[in-house]
Amino acid sequence: LENSVMQLETLSESVKGMQNEGFSNSEIINTVKLELSISRAKSLIGKLYNDEELTEEEIAKLKSGEVDDNDEELESLLKQFSIYTMESYNNASASSLIHGNVIKADAEMEEESNYEYKEDISNIAARFIGNNEDKLPKPDYAYFPYDLFKLVKVEEHIYKPLRKYVKKVEMKLKILNSYLSDYDGSSDLVTHALGPSSRLEQRAQAIVSNPLTTYRLIRRFAIKLPDVWAMIAEDLEEELWRQLSKIQMKQEPPKEKDWKDSIEALFRIQYYNGYKTKEFANGDLGEMKSNVKLTAEQCMEIGLRAVALKQYDHALEWLILAQNKHLDAEDDSEIDLKFLQQSLDYAIKEHNKAWEGYDISRSLPDPHLYTKKVSNSHDVDFAKKNSDTFKEYSKKVRNKEQYGYHTQYNFINLCAGEDLQTAKEKSRLYCWQERSKHPYFYISPMKMELLNEDPYLVQVYNVIGNSLIEEVRNVSISKLERSEVINYDLPDANDVSQVRTSSQTWVDPHELIQPQKIINVMQLVEKITGLHTLKPQSSEDLQVACYGTSHHYDEHLDAIQDPRRTVESGERMATFMFYLSTVEEGGKTAFPVLGTAAKPIQGSGVFWYNIKHNGEPDKRTWHGGCPVSHGIKWVMNSWILEHQNFLNRPCGLHEGE
Ligand SMILES: O=C(O)CCC(=O)C(=O)O
Ligand SMILES: [Fe+2]
């Protein structure tokens, strides 16, 4: 027995060796058969039976013929290896397939496994296109960046077998072509010599009379065709399906709607950040050069989507870009040029129609129209967009006492990186190390930056540490829900809306492993602001929000302004908003009336009062979150409430203050 085990181990060693070389199971099995030869494998089993030290029971079995030294037994031995090697089956090198002998299929085994996988094919496919019967959770890809993480992981497993399959198909083609082109080559010569209308008999005569064509004829049968037969017999698709069937899809895959949303996300980012189409499509996200380039085909697809959405500036620019990219030698994507031209003509016509029909008495000019009619791509290159004029407008109209529609221009311009504060306003801003507000700060001063003097707006750095941030984010991820905005008509019903596309949740410190840490941070906030946050009813639960790319929060006031909701604890007197991540591009918190924006820097927080000294909402604190261009933005809001804090903030000297 020991001897047999040793030999089995040797066998298993060589199987492992082949596995490491990247051979597939069927290749390994066939090689084992060929190289060790069936008779040697049989003798292994034979030895097992003939060994003197076999137990009585085994001998009895042997005698009764229950275990027979036949091919079936050998098969099962080999199959054990196939189970053994199944797990780490990967990357069979295509060149190994050239040795036609190795891949000669074992008819019996193929049949058996064919049966298994064919049963599942429709199921497997359905799983990847989201039509299968087991109901998988349906994620909202447009709103939950962490659902996209799962897609990235699944795709990793889809890509590998497909890439391997393609390699093998290419190898298959190579072998088929190698045979076919040799045939074509010699038959061309014969046709050339005999003329195109020669009969088969004549051609045969010609081929056989020439030693070179004879050599080639024989060679094709002896050397080339065996490889061809082996290639045809090997069912590459079966192997592919088997690999794919192992992939677990834990959520429904994206559908057409998600794809459309992902294009709209591009438009939103582009619009808010003022990104030029050409640079954007070559990977530039503001200062961040991501190097991700879109193809002509993709630009065309995006342009067509813009036509459907009547965003004519985007439509024209993306379609023209598709045309230009198509001329680029590097771009080998497939596009229908005629259809592209027709779409462009159509978009120009529709733009001009919309331009003519636009009601200019409306307060906001359509940002997706040009200031003039356009007739070709040259015009588009030089035309000014309505949205370009927002910039000038924004600088002219900024008036601190007003809020309303014009703040939309300011908001967009602030998101796009404009600085709208006047030189006078800026001259009064500074950074400092806060040492005086509490004795604690003598030891550890706070880094502060004044963003606006009146109303007071300040950013505090290093107020919350990385390990706590990580814990808060981890606890929140699984609880995130689409953010809602307050519905003022129905005080108990909030709405999911396009105003706020982030997702959010509420965090109770006791959900954390170290609740004390967050209490310490809130004590720090109390010291900085001089307001209570930890006493009952002195602040709301902490609200955590997460923004994926393109997600934003339109301008709003944090003040609730609804006596039915504020009767008990008062208005949201102040906001302390922590940034739980640094955002590489976009995602600023913009204050359009103040003309400034705070940049999300992990660990910092922004503080302002939402109400005036007299208790009325301070509409100058109108603010919103700009769409994220690159990164994932996390914030945590602490809304500090009025009734527990009114003694901490003195009244003003004037009525409206
Ligand atoms: O995300 C931002 O920058 C602003 C968030 C905000 O204003 C809010 O949650 O009330
Ligand atoms: Fe807010």
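Against the numbered list (1) touching a residue at least 60 places away in the same chain (Cβ under 8 Å); (2) away from ligand 1 (no atom under 11 Å from the Cβ), Thr582 comes up short only at (1). Filtering the range 340-361 for residues that are closer than 18 Å to Gln311 by Cβ, buried (at least 16 other Cβ atoms within 10 Å of the Cβ) and modelled with pLDDT under 80 leaves an empty set.
Across the range 574-593, the number of residues qualifying as part of a strand (DSSP E or B), in contact with a Leu (Cβ under 8 Å, 6 or more places away or on another chain) and open to solvent by less than 10 Å² (accessible area, probe 1.4 Å) comes to 3.
I'd like to verify a number: residues in the range 424-440 that are at pLDDT below 90 and of a type outside the set (Ser, Thr, Tyr), how many? Within the range 424-440, residues that are at pLDDT below 90 and of a type outside the set (Ser, Thr, Tyr) number 3. Residue-level check: of (1) without any contact (Cβ under 8 Å) to a residue 12 or more places away in the chain; (2) touching a strand residue (DSSP E or B) at 6+ places or on another chain (Cβ under 7 Å); (3) of a type outside the set (Asp, Glu), Phe144 misses just (1).
Just to be sure, is Ile513 away from ligand 1 (no atom under 16 Å from the Cβ), surrounded by fewer than 15 Cβ atoms within 10 Å (Cβ to Cβ) and within 31 Å of the chain's Cα centre (by Cα)? Criteria met by Ile513. Of all residues in the range 501-532, those satisfying the criterion of being within 16 Å of ligand 2 (Cβ to nearest atom) and in a loop (DSSP other than H, G, I, E, B) are Thr501, Ser502.
Residues in the range 430-456 that are assigned to a loop (DSSP other than H, G, I, E, B) and within 15 Å of Ile528 (Cα to Cα): Arg435, Ser436, Lys437, His438, Pro439, Ser444, Pro445, Tyr456. Scanning the range 594-617 for residues that are more than 12 Å from ligand 2 (Cβ to nearest atom), under 18 Å from Gly570 (Cα atoms) and open to solvent by less than 10 Å² (accessible area, probe 1.4 Å) gives a single hit, Ile611.
The values are calculated or read from the model by the stated rules, or taken from the named source; none is laboratory data. Just so we're clear, the structure is a prediction, and the values are computed from it rather than from any experiment. Virtual Cβ from ideal backbone geometry, glycine too; neighbours counted across all protein chains shown. Just the protein is used for accessible areas: all its heavy atoms, side chains included, with ligands, DNA and RNA removed. Shrake-Rupley method; radii C 1.70, N 1.55, O 1.52, S 1.80 Å.
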